[in-house]
Structure formats: structure tokens, C-alpha cells
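The values are calculated or read from the model by the stated rules, or taken from the named source; none is laboratory data. From a predicted model like this one, the values you see are computed outputs, not experimental measurements. A quick note on method: Cβ atoms are made from the backbone with ideal geometry, for glycine too, and the neighbour counts reach across all protein chains shown. Surface accessibility is based on the protein's heavy atoms, side chains included, excluding ligands, DNA and RNA. Shrake-Rupley method; radii C 1.70, N 1.55, O 1.52, S 1.80 Å.
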Amino acid sequence: MTIGLIWAQNPQGVIGARNTIPWRLPEDMAHFKATTLGHPVVMGRKTWDSLPPRFRPLAGRRNIVVTRDRDWAAEGADSAGSVTEALELAGRDSATVWVIGGGEIYRAAMDHATLLSVTDVQVEVQGEAFAPTITPDWTVTQDSDWQTSTSGLRYRIRAYQR
Ligand code: VY7
């Protein structure tokens, strides 16, 4: 099973602020959807809560939510008590699983991952949620040029493998 992590970060590694993504980047949302469609997605409960209700569960994907609350339930989602349990559940019916956040979940999943999709966004923002560290054992395998979003922000999308 391939375990991939997908996130978007600013130069300081910020991925979230007050339980939302502190920029608007439609091209990255499209990239996120195209990359994860058809695969199970694993997310933390706070990330689930951060999705606008009309978009949850994320369509066309099995949604697995990690929570310590054994009573947690939501329509269209499966729950798991740990990232490891979530990955086991996901691996039963798919060759590839995408971990979609947030910071705490990325850090727990990083040791299991062999694929990263990282969108670098040139934006100055404060936040409390941070991307995991990309250690030197990762190699960049895809590297886009810097692009300008319709929102005006500059961004690039990279893939890493190990
Ligand atoms: C999360 C949303 C958040 C707010 C409003 C709409 C990278 C991203 C994520 C997570 C971007 C999101 C959405 C966008 C996706 C749509 C549903 C509506 C879909 C990540 N690189 N970028 N993210 N949705 N983990 N990694 O925007 O979602 O996929 O169906």
C-alpha cells in the first residue's frame, strides 16, 4: 500500500490557522481533488470539522476520521482510534491512501509514508498548525514551475518519494 500525505504550506510551514486554511488557492483545491479522488482519505477530527458541511464527506472517496472519542460518528465517515488503525482500514480496499491533515495527523502518519504532495504557497500568514518536517531521505520527483493563481498568490506543486 502506498501512503501519501498531501498538504499546502507557506514558507514558514504554516498549514492552518484557527481551524482553516489561511489563504484561498482554487488551483490547489483542484489539485487536491484530482489527486485524492477515488482513494480513501484519512483525516483528523478537527480537519473533518473544518470542511464546510456541504463538502463532507469528501465525495468519491472513503472518508476515515481519526478521533480518540469512541462515540464520535458522522454520516458518510468511518472513524478510527489512531492513524495506524485508519491506515489499516484504508488499506483493506485500496492500494493508495491519502492522509489529508491536519498537523497532528501528518506527524503521526509521516513514518508510514512513501509519497508526499506539497504545495508551496508564497503567502505571509500566522498560524498554529504546521507541516511535518521533510527529512533528507526524501527526493523531489516532480517539480512544477512557480505559478500565479487567479487569486494572485504564487505557488508551486512538488512530489517527493522515498
Ligand atoms: C480542504 C476545502 C476547504 C474549504 C472549502 C472547500 C492540499 C488542500 C488540502 C485540503 C486544500 C482543502 C474545500 C476543497 C476540496 C473539494 C471539496 C471542497 C474536494 C490538502 N495540497 N490542498 N484543502 N474543498 N490536504 N492538501 O481545500 O477542502 O476535494 O472535493
> Is it true that Ile3 is within 15 Å of Ile157 (Cα to Cα), outside any helix (DSSP H, G or I) and not hydroxyl-bearing (Ser, Thr, Tyr)?
Replying inline: no
>> Every residue in the range 24-45 that is within 10 Å of the ligand (Cβ to nearest atom), part of a loop (DSSP other than H, G, I, E, B) and in contact with a strand residue (DSSP E or B) (Cβ under 8 Å, 6 or more places away or on another chain), please.
In response: Leu25
> So how many residues does the range 23-45 have that are closer than 27 Å to Ala95 by Cα and open to solvent by 70 Å² or more (accessible area, probe 1.4 Å)?
Replying inline: 5
> Out of the residues in the range 1-17 that are touching a Phe, Trp or Tyr at 6+ places or on another chain (Cβ under 9 Å) and farther than 21 Å from Ile64 by Cα, which is most open to solvent (accessible area, probe 1.4 Å)?
Replying inline: Gln12
> Has the range 55-74 got at least one residue that is within 13 Å of the ligand (Cβ to nearest atom), of a type in the set (Phe, Trp, Tyr), free of Cβ contacts under 8 Å to residues at least 60 places away in the same chain and assigned to a helix (DSSP H, G or I)?
Replying inline: yes
> Of all residues in the range 106-130, how many are touching a helix residue (DSSP H, G or I) at 6+ places or on another chain (Cβ under 7 Å) and either over 26 Å from Lys46 (Cβ atoms) or within 13 Å of the ligand (Cβ to nearest atom) (or both)?
Replying inline: 4
> Right, Ser117: surrounded by 15 or more Cβ atoms within 10 Å (Cβ to Cβ) and either in a loop (DSSP other than H, G, I, E, B) or out of contact with any strand residue (DSSP E or B) (no Cβ under 6 Å at 6 or more places or on another chain) (or both) or not?
Replying inline: no
> Checking Arg92 against (1) surrounded by fewer than 19 Cβ atoms within 10 Å (Cβ to Cβ); (2) free of Cβ contacts under 8 Å to residues at least 24 places away in the same chain; (3) within 15 Å of the ligand (Cβ to nearest atom), which test does it fail?
Replying inline: (3)
>> Criterion first (in contact (Cβ under 8 Å) with a residue 24 or more places away in the chain, open to solvent by 40 Å² or more (accessible area, probe 1.4 Å) and β-branched (Val, Ile, Thr)) does Thr20 satisfy it?
In response: yes
> What number of residues within the range 139-162 satisfy the criterion of being surrounded by 12 or more Cβ atoms within 10 Å (Cβ to Cβ) and outside any strand (DSSP E or B)?
Replying inline: 5
> Only one of (1) in a helix (DSSP H, G or I); (2) surrounded by fewer than 19 Cβ atoms within 10 Å (Cβ to Cβ) fails for Trp48. Which number is that?
Replying inline: (2)
